[in-house]
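Okay, so here's the structure we're looking at.
The values are calculated or read from the model by the stated rules, or taken from the named source; none is laboratory data. Source: prediction; values computed, not measured. Cβ atoms come from the backbone with ideal geometry, glycine included; neighbour counts cover every protein chain shown.
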Amino acid sequence: MQNRTYAADVTAGESATVAGWVHEIRDLGGIAFLILRDTSGKLQIKLEKDEMDEDLVETGLGVHRESVVSVTGDVKEEPRAPTGFELVPESIEVISEADPELPLDPSGKVDAELPTRLDNRTLDLRKPEVKAIFEIRAEVLRAAREAFRDLNATEITTPKIVATGTEGGTELFPITYFGREAFMNQSPQLFKQLMAGSGLETVFEIGPIFRAEEHNTPRHLNEATSIDFESAFADQHEAMDAAEEIVVAVYEAVAENCEEQLDALGLAETFEVPAGDFPRLSYEEAIERVNATGALDEQLVFGDDLSTEAERALGEDVGTFYFITSWPSEVKPFYIMDEDDDETLSTGFDMMHPRMELVSGGQREHRHEKLVEGFEQQGLDPEQFEYYTKMFKYGMPPHAGWGMGAERLVMTMLGLENIREAVLFPRDRQRLSP
């Protein structure tokens with residue numbers, strides 16, 4: 001809209017045209033106020049009934065909340081107004097009338113349950129605290145890209161429709177592809193490894209992944225955003241260093257650039273950038289510490305995965321971001337390399353927030369014969385993955401990397417209770433629309 005001024009940018013003594021949504025109408029008798037809201041904030045529109053054109057006042061008072069309007073008039077200083085300014089209108093144009101029966105209240109005066117909010121996401125994001133989540137999410141992804149470039153990583157985009165799953169299993173979404181069976185990709189894992197063996201060497205990707213996840217919990221999704229990294233001539237220790245750098249960088253960016261959004265979420269005073277040097281516990285140390293907390297009904301033994309309860313107990317014990325390293329080989333995927341001095345242990349690692357796992361990674365097996373053996377040990381047919389395995393015959397360097405859940409990163413950063421709050425339009429077992 002030409003000549004439009006944002007609510008936060010109006011200047012006293014000048015005429016301005018503002019456009020946005022009707023947030024509230026306050027009728028005080030001889031005077032009334034229309035509160036207009038746009039992406040920058042709110043502005044008070046003053047309606048003096050006895051001194052203004054009757055049709056103008058009628059338009060201003062008759063419009064329903066959340067209708068879209070354009071208002072032109074003079075801006076004046078008014079210390080009693082929410083922003084210190086008010087606009088005295090010369091014209092009010094109703095651009096789009098809203099239905100008086102709204103499915104939820106964008107002013108936040110009346111709370112709505114999460115399913116109602118997700119069904120009406122457009123209205124939901126008109127609330128400052130909800131909008132703030134996605135502005136912070138955008139800053140997280142922007143800062144991550146910048147930090148990856150500082151690591152000399154090249155951004156790539158890999159296929160999301162594939163002939164075989166990354167890890168096989170029941171978590172694949174099958175689709176029909178011109179009469180053939182294909183799948184939605186679970187991860188860019190195999191493709192980013194191929195790029196580590198190319199002239200690019202160090203790569204990253206931020207994109208969707210798909211898993212037919214059976215769990216329907218506050219931290220699982222069937223379509224998620226994965227932040228992925230892979231680097232040639234790197235081992236698991238250097239990959240962990242990179243993961244730590246990315247997490248610290250995005251927290252620093254949010255602290256520096258999202259003060260208003262953190263304030264809207266009530267986090268301005270408590271938000272902390274994590275210190276570096278995240279503790280690195282071996283898997284064996286981790287299960288010993290979990291057992292020592294006494295939080296579980298049954299003690300963990302070597303080879304057990306960490307349940308949600310175990311992760312929570314360990315997170316409370318450690319109290320900060322941390323890594324779990326040297327996982328048993330049998331619980332990690334075929335492409336994770338074993339440790340040189342003990343084939344029962346892998347170079348696989350997880351990076352944990354005190355609440356949950358954020359990252360899974362490790363050094364990859366770059367030797368062709370060992371890689372094929374790994375397929376066979378996990379019951380996968382190497383011939384189905386020939387596009388991937390054959391490249392390991394042509395000079396594949398040692399390489400390492402990881403994948404990080406973007407939604408989990410935002411969820412834990414902002415203390416959200418449900419991962420769906422960090423997704424515009426979540427996809428889970430029940431939700432396919434909107």
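Among the residues of region 76-114 satisfying the criterion of being within 19 Å of VAL63 (Cα to Cα) and polar (S, T, N, Q), which is surrounded by the most Cβ atoms within 10 Å (Cβ to Cβ)?
Applying the filter and picking the extreme gives SER107.
Criterion first (of a type outside the set (A, V, I, L, M, F, W, C), under 24 Å from LYS370 (Cβ atoms), modelled with pLDDT of 95 or more and crowded, with 19+ Cβ neighbours inside 10 Å) does SER329 satisfy it?
no
Any chance region 371-382 includes a residue that's touching a strand residue (DSSP E or B) at 6+ places or on another chain (Cβ under 9 Å), crowded, with 21+ Cβ neighbours inside 10 Å and on the phi > 0 side of the Ramachandran plot?
There is no residue in region 371-382 that is touching a strand residue (DSSP E or B) at 6+ places or on another chain (Cβ under 9 Å), crowded, with 21+ Cβ neighbours inside 10 Å and on the phi > 0 side of the Ramachandran plot.
Does GLU135 fit the bill of being in contact with a Cys (Cβ under 7 Å, 6 or more places away or on another chain), part of a helix (DSSP H, G or I) and not hydroxyl-bearing (Ser, Thr, Tyr)?
So GLU135 fits the description; yes.
If a residue has to be among the hydroxyl-bearing types (Ser, Thr, Tyr) and outside any strand (DSSP E or B) to count, how many in region 203-225 make the cut?
Result for region 203-225: 1.
Consider region 191-203. How many of its residues are touching a residue at least 60 places away in the same chain (Cβ under 8 Å) and either crowded, with 23+ Cβ neighbours inside 10 Å or not assigned by TED's automatic domain parsing to the domain that holds GLU238 (or both)?
Residues in region 191-203 being touching a residue at least 60 places away in the same chain (Cβ under 8 Å) and either crowded, with 23+ Cβ neighbours inside 10 Å or not assigned by TED's automatic domain parsing to the domain that holds GLU238 (or both): 3 in total.
Residues in region 392-432 that are polar (S, T, N, Q), surrounded by fewer than 19 Cβ atoms within 10 Å (Cβ to Cβ) and at pLDDT 95 or above: how many?
1
Quick check: is even one residue across region 351-361 hydroxyl-bearing (Ser, Thr, Tyr) and farther than 23 Å from PRO279 by Cβ?
Within region 351-361, not a single residue is hydroxyl-bearing (Ser, Thr, Tyr) and farther than 23 Å from PRO279 by Cβ.
Residues checked against (1) of a type outside the set (S, T, N, Q); (2) within 30 Å of the chain's Cα centre (by Cα); (3) over 12 Å from SER91 (Cα atoms):
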residue	(1), (2), (3)
ALA8	yes, yes, yes
ALA12	yes, no, yes
ALA16	yes, no, no
ILE35	yes, no, yes
ASP38	yes, yes, yes
GLY41	yes, yes, yes
LEU56	yes, no, no
THR59	no, no, no
VAL68	yes, yes, yes
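Name the strands (runs of 3 or more DSSP E) wholly within region 1-110 that hold at least 3 residues that are touching a residue at least 60 places away in the same chain (Cβ under 8 Å) and in contact with a Ser or Thr (Cβ under 9 Å, 6 or more places away or on another chain)?
Ranges flagged: 15-27, 68-77, 85-96.
With ASP297, ASP263, ASP241, ASP228 as the choices, which residue is farther than 26 Å from ARG364 by Cβ and either modelled with pLDDT of 95 or more or part of a strand (DSSP E or B) (or both)?
ASP263
Condition first: within 33 Å of the chain's Cα centre (by Cα) and part of a helix (DSSP H, G or I). Now tell me which residues in region 347-386 satisfy that.
The answer is LEU371, GLY374, PHE375, GLN384, PHE385.
Hey, does region 278-288 have a residue that's over 26 Å from LEU300 (Cβ atoms) and not aromatic (Phe, Trp, Tyr)?
No, region 278-288 has no match at all.
Would you be able to tell me the number of residues in region 146-178 that are part of a loop (DSSP other than H, G, I, E, B) and either at pLDDT 95 or above or under 21 Å from the mean Cα position of the chain (by Cα) (or both)?
Residues flagged as part of a loop (DSSP other than H, G, I, E, B) and either at pLDDT 95 or above or under 21 Å from the mean Cα position of the chain (by Cα) (or both) within region 146-178 amount to 9.
Looking at region 140-158, which of its residues are surrounded by fewer than 17 Cβ atoms within 10 Å (Cβ to Cβ) and in contact with a Phe, Trp or Tyr (Cβ under 7 Å, 6 or more places away or on another chain)?
Correct list: GLU155 only.
Only one residue in THR320, THR344, THR389 is of a type in the set (Ser, Thr, Tyr), in a loop (DSSP other than H, G, I, E, B) and surrounded by fewer than 20 Cβ atoms within 10 Å (Cβ to Cβ), so which one is that?
When all the criteria are applied, what remains is THR320.
Check off (1) farther than 24 Å from GLY199 by Cα; (2) at pLDDT 95 or above; (3) in contact with a Leu (Cβ under 7 Å, 6 or more places away or on another chain) for PHE334 and give me the number that stays unchecked.
The failed condition is (2).
Answer yes or no as to whether ILE45 is in contact with a strand residue (DSSP E or B) (Cβ under 9 Å, 6 or more places away or on another chain), of a type outside the set (Phe, Trp, Tyr) and crowded, with 18+ Cβ neighbours inside 10 Å.
yes
Which of the following residues is within 30 Å of ALA255 (Cα to Cα), surrounded by 15 or more Cβ atoms within 10 Å (Cβ to Cβ), among the charged types (D, E, K, R) and touching a Phe, Trp or Tyr at 6+ places or on another chain (Cβ under 8 Å): ARG137, ARG117, ARG126?
Of ARG137, ARG117, ARG126, the one residue that is within 30 Å of ALA255 (Cα to Cα), surrounded by 15 or more Cβ atoms within 10 Å (Cβ to Cβ), among the charged types (D, E, K, R) and touching a Phe, Trp or Tyr at 6+ places or on another chain (Cβ under 8 Å) is ARG126.
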